[in-house]
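**Student:** I have a structure here, written as structure tokens, and I will follow up with some questions on it.
FYI, it's all coordinate maths here, none of it is from the lab. Fair warning: this is a prediction, and the values are worked out from it, not measured in the lab. Positions of Cβ are generated from backbone atoms using ideal geometry, with glycine treated the same way; all protein chains shown enter the neighbour counts.
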Amino acid sequence: ERTLAKPRKDRLALLAATRANLEQIFLLYEDKKGKLEKTLDAVGKTKPVFNFSDSGGVRQKLWPIKGRDNTDTIRRFMDGRKLFIADGHHRYTISLGYHKQIMASGRDAAMRENSAWRMATLVNMHSPGLVILPTHRVLKMPPPWNEGNEDLFLKKLRTDFDVEILRRPAGLAARAAA
């Protein structure tokens with residue numbers, strides 16, 4: 001995905017200033033049989049190191065994945081597997097650039113090694129609880145397609161897209177159902 005210069009610059013400055021991954025990249029992998037979840041389910045039966053409710057009332061739990069057998073199982077499972085970036089294209093792009101900068105700068109060995117890693121959340125795209133909602137963006141249209149020229153805008157849009165006009169139903173319940 002093409003990334004935008006302003007968000008890249010902003011995220012690179014934050015990464016350089018903190019030298020820390022403050023936000024994760026959200027990655028999807030394919031595992032129709034749920035093989036990896038079986039390994040992680042065993043970890044989830046142990047006592048979490050963190051267990052609390054956040055300010056929104058959502059229960060948060062964190063387990064460490066301990067043991068060479070577990071980490072080797074995960075590593076073997078992910079080896080050669082395609083990962084899809086669901087969210088974090090800018091973070092991924094600047095992480096690569098940051099690592100290249102560090103490698104070229106002659107920084108110490110620990111800094112060079114640490115800059116090669118990025119925090120990520122990996123989710124099976126076949127998990128029944130996975131829901132990815134669209135990001136809606138508001139477009140500011142330049143003349144002649146700005147307000148008052150809806151017909152011209154829709155005509156131009158139809159050259160590249162299938163356009164279907166949906167009428168907004170009356171009432172909150174009807175809108176929610178739609």
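**Student:** Explain nothing, just the number: dipole magnitude of region 57-173 about its Cα centre with +1 on each Lys and Arg Cβ and -1 on each Asp and Glu Cβ, in debye rounded to the nearest 20.
**Tutor:** Taking the Cα centre of region 57-173 as origin, the dipole is about 400 debye.
**Student:** Considering the chain as a Gaussian network with a 10 Å cut-off on Cα pairs, which listed residue, L22, L40, L166, attains the greatest mean-square fluctuation?
**Tutor:** L166
**Student:** So how strong a dipole does region 1-55 carry about its Cα centre when Lys and Arg Cβ are +1 and Asp and Glu Cβ are -1, to the nearest 20 debye?
**Tutor:** 180 debye
**Student:** Moving on. Rg/Rh for region 1-148: what does it come to with C-alpha atoms and Rh from Kirkwood?
**Tutor:** 1.04
**Student:** Could you pull out the longest piece of the chain with no exposed loop chymotrypsin sites (Phe, Trp or Tyr not before Pro) in it, calling a site exposed if DSSP puts it outside H, G, I, E, B and it has at most 11 other Cβ atoms within 10 Å?
**Tutor:** Result, exposed sites excluded: 1-116.
**Student:** While we're on this one: Give me the net charge of D31's neighbourhood, meaning all other residues with Cβ under 14 Å from the Cβ of D31; Lys, Arg count +1, Asp, Glu -1.
**Tutor:** +3
**Student:** Which value in deg cm²/dmol, rounded to the nearest 500, describes the helix-derived mean residue ellipticity at 222 nm for the chain, given -39,500 (n - 2.57) per DSSP H run of n ≥ 4 and division by the residue count?
**Tutor:** The helix contribution divided over the chain gives -12000 deg cm²/dmol.
**Student:** Going down the list K33/K61; K9/K38; K9/K155, which pairs span over 30 Å between their C-alpha atoms?
**Tutor:** K9/K38; K9/K155
**Student:** In a shell of Cβ-Cβ distance under 11 Å around F52, excluding F52 itself, what net charge do Lys and Arg (+1) and Asp and Glu (-1) give?
**Tutor:** My count for the surroundings of F52 gives +1.
**Student:** Across region 50-65, in residue order, what do the Karplus-derived ³J(HN,Hα) couplings come to in whole Hz, using 6.51 cos²θ - 1.76 cosθ + 1.60 with θ = phi - 60° and x for Gly and Pro?
**Tutor:** Ordered by residue, 3J(HN,Hα) equals 10, 7, 8, 9, 7, 5, x, x, 8, 6, 10, 9, 9, 10, x, 9 Hz.
**Student:** Which ³J(HN,Hα) values in Hz, rounded to whole numbers, follow from the phi angles of region 74-82 under the Karplus curve 6.51 cos²θ - 1.76 cosθ + 1.60, where θ = phi - 60° and Gly and Pro get x?
**Tutor:** Working through the residues one at a time gives 5, 4, 5, 4, 7, 4, x, 7, 6 Hz.
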